[in-house]
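Undergrad: Can you read through this structure? Questions will come right after.
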């Protein structure tokens with residue numbers, strides 16, 4: 001099992017790459033989309049946004065091999081391995097999500113992108129097949145020491161119930177000139193059909209490019225957000241994804257925090273089930289208190305989740321992939337985001353190593 | 001939140017903490033604080049006010065140290081003013097006790113505050129962090145730090161005079177004193193003998209003090225710097241003195257290798273197995289403060305270290321529970 005760190009593209013500075021190593025990371029997951037363009041939508045290091053989302057996704061330029069290879073060079077110069085990219089750019093695939101007129105053309109672009117990712121030697125492409133995206137969360141001082149963390153206090157908030165308008169997808173605006181009207185709603189089955197088509201198109205290319213596709217569950221995991229259906233908002237719904245295609249390149253970006261927020265099911269059974277199948281491409285690990293529609297993210301050691309037990313299950317099933325803290329509450333100091341992530345990394349490093357078989361006498365005693 | 005293990009995770013706090021610093025401690029889940037300050041803060045009022053402030057944030061004030069009375073050349077070398085310093089120390093102990101702060105750390109090195117005798121170069125540790133490096137061979141070339149050679153007998157004499165004066169006051173005031181080992185632990189440095197770089201030094205100090213209020217502030221890092229020259233390794237030290245209830249405080253830090261040359265590292269990046277350290281502490285029934293001491297880098301790296309310590313503590317506590325159930 002490997003410990004990694006997630007960084008946004010605008011944070012890929014030599015200093016931050018070194019910081020990831022200080023935090024014990026050997027591998028990196030990179031977000032190439034800038035969700036932070038609108039300063040007012042960023043709360044305590046996380047994009048939260050308003051009804052217009054996180055900002056405008058207007059970079060239509062596909063990701064070239066040269067661009068990816070350049071980033072990889074910087075990452076490797078810092079002594080790290082680039083394991084995964086997280087999330088497509090909404091500007092590159094909005095009509096795939098919305099079944100719009102440019103769907104076929106955008107699909108061809110994504111195929112070339114996957115080829116470039118494979119050529120650049122990046123093992124995994126994480127994606128979130130979601131129309132409304134990570135929308136509807138509110139930031140509250142709900143973590144230890146009144147640290148700010150995202151969550152929700154009921155599903156009736158206008159941030160969740162207001163229909164998403166046209167020109168938006170994935171909590172960003174791809175067309176600022178779209179008419180001021182609501183994007184029509186669709187059924188859950190229709191959303192799954194769109195995903196099935198996408199997988200049918202992308203998986204053969206991913207397989208020949210040596211890239212693993214990894215689906216993130218819906219965060220927050222409600223059946224509907226902003227009048228749009230969600231794909232994976234209960235544990236068992238991940239199985240439907242796997243049933244669509246048995247390809248080893250069809251896998252999971254397993255966000256344990258989001259899975260723990262889901263209204264049904266036992267999180268440890270869920271982790272055991274999917275790690276035993278060997279379908280997890282990488283893991284997001286954070287803690288949370290409560291379940292939808294009443295939950296808040298917490299520090300790694302204070303929520304409902306027993307992180308020690310999580311690692312025991314991962315070791316038992318010989319999970320050998322990457323674990324990253326996807327986010328953490330910000331801390332009251334000169335570097336709030338960095339300190340929050342560092343605290344989580346230190347905790348995860350100690351848990352990961354001390355729960356490893358042979359990693360402690362306790363394990364042998366058991 | 002009180003930990004079921006009794007091991008209290010602590011960190012250094014500034015003498016006049018801001019709201020932000022207090023929040024940062026709360027967010028890290030730190031149980032206790034250690035403050036280093038100067039002589040004007042050795043008053044009862046400062047101590048009780050500070051203790052109350054921290055308590056209102058759920059943080060126990062474990063220790064207030066006075067830099068003027070700690071590793072002070074006048075006290076270590078027996079210079080003019082020795083008696084006055086000892087009297088100041090007694091007043092300080094009385095104030096600590098009255099303010100309900102039951103512990104302090106003492107160390108007996110004359111030149112640790114003189115940088116060349118503490119650090120011979122700035123090294124680099126994981127992720128490019130600048131860190132303290134010490135090379136014993138370079139340190140041999142250093143000039144006398146205090147004008148002449150001071151023998152071990154002389155240093156023992158000042159320690160003995162000091163500790164015999166202050167221990168009765170400490171007992172009366174209800175304050176425990178933990179002796180910090182020499183850092184680095186060398187027989188002599190800058191011409192001044194060092195006497196607490198071997199387990200025998202600790203044994204002798206305990207005999208001299210002959211008090212239930214006298215014990216160890218065991219610095220894992222300093223002890224690791226000495227390697228095989230210390231008489232007992234750090235795990236053995238914990239079992240040995242922990243079993244006697246003589247461990248009061250632990251500095252939980254790591255180095256890359258024992259001398260002749262060492263660099264301070266992040267907690268998980270040195271040659272000491274910190275899991276085994278914590279396990280030994282839990283097995284020994286240690287109930288004192290566990291400090292990261294000086295972490296290479298800044299507050300971000302401290303947050304990493306505290307997160308690491310909290311996870312390791314949770315593990316050794318769970319392990320002890322499993323063993324108890326099996327027994």
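Undergrad: Within region B:9-30, work out how many residues are farther than 22 Å from residue A:148 by Cβ and surrounded by fewer than 20 Cβ atoms within 10 Å (Cβ to Cβ).
TA: Residues flagged as farther than 22 Å from residue A:148 by Cβ and surrounded by fewer than 20 Cβ atoms within 10 Å (Cβ to Cβ) within region B:9-30 amount to 4.
Undergrad: Identify the single condition in (1) within 23 Å of the chain's Cα centre (by Cα); (2) surrounded by fewer than 14 Cβ atoms within 10 Å (Cβ to Cβ); (3) part of a loop (DSSP other than H, G, I, E, B) that residue B:168 does not satisfy, given that it satisfies every other one.
TA: Evaluating residue B:168 over (1) within 23 Å of the chain's Cα centre (by Cα); (2) surrounded by fewer than 14 Cβ atoms within 10 Å (Cβ to Cβ); (3) part of a loop (DSSP other than H, G, I, E, B) leaves (3) as the failure.
Undergrad: Next question. Within the set of pairs 6 or more residues apart or between chains, which connect a residue that is part of a helix (DSSP H, G or I) inside region B:202-213 to a residue that is buried (at least 17 other Cβ atoms within 10 Å of the Cβ) with Cβ atoms less than 6 Å apart?
TA: The qualifying pairs are B:205/B:179; B:208/B:163; B:209/B:163; B:209/B:167.
Undergrad: On to the next question. Just to be sure I understand, how many residues within region A:196-243 are assigned to a helix (DSSP H, G or I) and farther than 17 Å from residue A:127 by Cβ?
TA: 3
Undergrad: Return yes when residue A:181 is loosely packed, with under 15 Cβ neighbours inside 10 Å and touching a strand residue (DSSP E or B) at 6+ places or on another chain (Cβ under 8 Å) and no when it is not.
TA: yes
Undergrad: Separate question: Could you say which residue among A:19, A:36 is surrounded by 17 or more Cβ atoms within 10 Å (Cβ to Cβ), away from chain B (no Cβ under 14 Å) and in contact with a strand residue (DSSP E or B) (Cβ under 9 Å, 6 or more places away or on another chain)? Working first, answer last.
TA: Working: A:19 fails: away from chain B (no Cβ under 14 Å).
Matching residue, one of A:19, A:36: A:36.
Undergrad: Go through A:57, A:104, A:20 for me and flag whichever is touching a helix residue (DSSP H, G or I) at 6+ places or on another chain (Cβ under 8 Å) and under 30 Å from residue A:200 (Cα atoms).
TA: Sole residue among the options that is touching a helix residue (DSSP H, G or I) at 6+ places or on another chain (Cβ under 8 Å) and under 30 Å from residue A:200 (Cα atoms): A:57.
Quick note: the coordinates plus some simple rules give every number you see, no bench work behind them. Only a predicted model underlies this, so the values are computations on that prediction, with no experimental measurement involved. Every residue, glycine among them, receives a Cβ derived from its backbone with ideal geometry; neighbour counts consider all protein chains shown.
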